[in-house]
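To keep things clear, I will list the structure first and then write my remarks on it.
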Amino acid sequence: MKKPLEGVTILDMTAWLSGPYAMEVVAYLGAEVIKLEKHKGGDAVRANGPYYGPKGIVFEGTDPKDMSLCILKRARGRKSITLNLQSEKGKQIFRELVKKVDIVTENFAPGAMDRLGFSYENLKKIKPDIILCSISGFGQDGPYAKLPAFDPVVEAMSGVMEVTGYPENPPVRLGVAGGDLISALYMVIGLMAALRYREKTGKGQAVDISMLDSLFSFLFDESLDVYVERGIPIRTGNRRLRLTPFNSYKAKDGYVVICSAADSHWQALLKAMGREDLLEDTRFKRLDHRMQNADAVDSLVESWTSTKDKKEVVDILIKYGVATGPVATIPEVLEDPQLRHRGMIVDLYHPELGKVEGAVGHDIPVKLSESPGSLDLPAPYLGAHNEEIYGKWLGYSKEQVKKLREEGTI
């Protein structure tokens with residue numbers, strides 16, 4: 001066994017981001033993931049630019065070989081089949097596929113699987129130990145269950161947008177799709193827990209992941225209800241008020257972040273800035289005092305950082321053991337020696353044209369000493385593995401697969 005999830009087979013019906021990101025992780029860990037897509041168009045992100053094809057990176061896909069960079073990133077390590085689940089023949093084939101897999105994943109709106117005839121109860125009749133893992137905006141039950149959702153909707157409703165941004169400005173969304181990505185990680189946790197349970201009991205189960213639940217679980221690590229009740233600001237920009245100074249500060253060529261979470265950190269910061277004269281200043285000596293005088297603290301720190309380049313600030317503070325880092329631009333991130341050392345910046349590959357020139361991807365940040373993961377397949381063309389899966393798994397001949405395609409079943 002070279003990878004921890006080798007031998008696990010997943011029939012993946014997810015699209016967009018949340019489910020595909022989760023499937024990227026489990027494929028990296030060794031699961032065989034079959035991406036089941038709509039027979040017309042496939043995963044919606046296949047139509048999202050920019051694209052990579054014979055003319056390089058373009059923002060309008062005109063060549064059949066042009067593939068969305070989204071799909072080239074999000075469908076790595078998987079095989080693609082197509083199936084028309086609106087047809088009775090397609091449903092029959094789906095039942096045959098379910099018998100061959102350990103897990104079915106989906107991120108349809110709640111109720112869609114029921115309408116197709118593939119609720120968890122019905123899937124259990126096909127394969128008693130099947131695991132069904134679902135991601136949706138609000139979960140499979142409750143007053144919001146059937147509402148449509150994309151990431152900004154759940155960021156707004158979870159409270160995340162309320163705490164993001166600066167107090168004088170409107171709420172803003174996160175810079176990444178947190179609702180999608182956090183729920184994706186919970187999907188991975190849930191399906192692995194379900195696999196372990198099945199290993200011990202022989203029973204499958206339904207795993208229900210809500211994007212709203214997922215974001216809320218991260219949000220309330222902070223005591224926001226207490227802050228609101230006491231009149232303490234909760235939308236504070238880059239500042240973490242209770243740990244002042246804990247903020248981003250202007251430098252001559254950008255910004256740096258400085259984090260001082262304890263009195264000892266503050267003392268080290270003062271020494272780095274050459275302000276030992278403030279060590280006994282009662283406005284700043286204790287953390288609770290610095291919280292009360294946060295504006296004065298931040299002004300003091302920025303009056304020092306703004307006279308220096310980012311690198312100079314960071315180099316000085318590191319010598320004094322202060323947690324700090326530059327606010328990196330995207331070009332700087334892509335040259336980061338730590339990320340490169342860890343193998344996190346990787347090449348993307350087109351299934352036919354090879355290495356993508358002009359764009360890179362990310363590796364999966366799970367480093368296992370005995371069973372390292374990898375994404376061994378480039379993202380596939382839509383339906384690229386129809387003959388392999390329908391032939392190897394279900395025994396269909398090439399002629400039968402061709403007929404299924406002609407009649408609109410796949």
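The values are calculated or read from the model by the stated rules, or taken from the named source; none is laboratory data. Remember, predicted model here, so these are calculated numbers, not experimental data. We place every Cβ from the backbone using ideal geometry, glycine too, and count neighbours over all the protein chains shown. Accessible surface is based on the protein model in full, side chains and every heavy atom, while ligands, DNA and RNA are left aside. Shrake-Rupley method; radii C 1.70, N 1.55, O 1.52, S 1.80 Å.
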Tally, over the stretch 356-370, of residues that are open to solvent by 70 Å² or more (accessible area, probe 1.4 Å) and of a type in the set (G, A, S): 2
Could you tell me which residue of the stretch 104-145 is farthest from Y21 (Cα to Cα), considering only residues that are among the charged types (D, E, K, R) and open to solvent by 30 Å² or more (accessible area, probe 1.4 Å)? K125
Extreme residue, most open to solvent (accessible area, probe 1.4 Å), among residues of the stretch 192-230 that are of a type in the set (D, E) and assigned to a helix (DSSP H, G or I): E229
Going through the stretch 139-189 one residue at a time, which ones are in contact with a Pro (Cβ under 7 Å, 6 or more places away or on another chain) and among the aliphatic types (A, V, I, L, M)? A145, M161
Of the conditions (1) touching a strand residue (DSSP E or B) at 6+ places or on another chain (Cβ under 7 Å); (2) on the phi > 0 side of the Ramachandran plot, A261 satisfies every one except a single condition; which number is it? (2)
Consider P233 carefully, then state whether it is in contact with a Lys or Arg (Cβ under 8 Å, 6 or more places away or on another chain), assigned to a loop (DSSP other than H, G, I, E, B) and either modelled with pLDDT of 95 or more or within 26 Å of V327 (Cβ to Cβ) (or both). no
With (1) within 30 Å of L348 (Cα to Cα); (2) in contact with a Lys or Arg (Cβ under 7 Å, 6 or more places away or on another chain) as the list, and M67 as the residue in question, which single condition is left unmet? (2)
Picking from V160, V172, the residue that is over 23 Å from M13 (Cα atoms), without any contact (Cβ under 8 Å) to a residue 60 or more places away in the chain and crowded, with 19+ Cβ neighbours inside 10 Å would be V160
Output the residues belonging to the stretch 341-355 that are without any contact (Cβ under 8 Å) to a residue 12 or more places away in the chain, open to solvent by 50 Å² or more (accessible area, probe 1.4 Å) and closer than 21 Å to G77 by Cα. K355
Scan the stretch 290-306 for residues that are closer than 16 Å to L270 by Cβ and either polar (S, T, N, Q) or touching a strand residue (DSSP E or B) at 6+ places or on another chain (Cβ under 7 Å) (or both) and report the count. 7
Qualifying positions in the stretch 230-244 - free of Cβ contacts under 8 Å to residues at least 60 places away in the same chain and of a type in the set (A, V, I, L, M, F, W, C): I232, L241, L243
Quick check, is T14 part of a loop (DSSP other than H, G, I, E, B), open to solvent by less than 10 Å² (accessible area, probe 1.4 Å), closer than 24 Å to E387 by Cβ and in contact (Cβ under 8 Å) with a residue 24 or more places away in the chain? yes
Could you list, in sequence order, the residues of the stretch 275-303 that are of a type outside the set (D, E) and under 17 Å from A323 (Cα atoms)? L287, V297, V301
If I ask for residues that are over 30 Å from the mean Cα position of the chain (by Cα), surrounded by 12 or more Cβ atoms within 10 Å (Cβ to Cβ) and charged (D, E, K, R), which ones from the stretch 312-337 would you list? E312, D315
Restricting the stretch 376-410 to residues that are of a type in the set (A, V, I, L, M, F, W, C) and open to solvent by 40 Å² or more (accessible area, probe 1.4 Å), the residue that is nearest to R46 (Cα to Cα): L382
If a residue has to be in contact with a Ser or Thr (Cβ under 6 Å, 6 or more places away or on another chain) and either assigned to a strand (DSSP E or B) or crowded, with 21+ Cβ neighbours inside 10 Å (or both) to count, how many in the stretch 31-79 make the cut? 6
Looking at the stretch 273-290 only, could you name the residues that are hydrophobic (A, V, I, L, M, F, W, C) and either more than 37 Å from the chain's Cα centre (by Cα) or surrounded by fewer than 16 Cβ atoms within 10 Å (Cβ to Cβ) (or both)? M273, L278, L279, F284
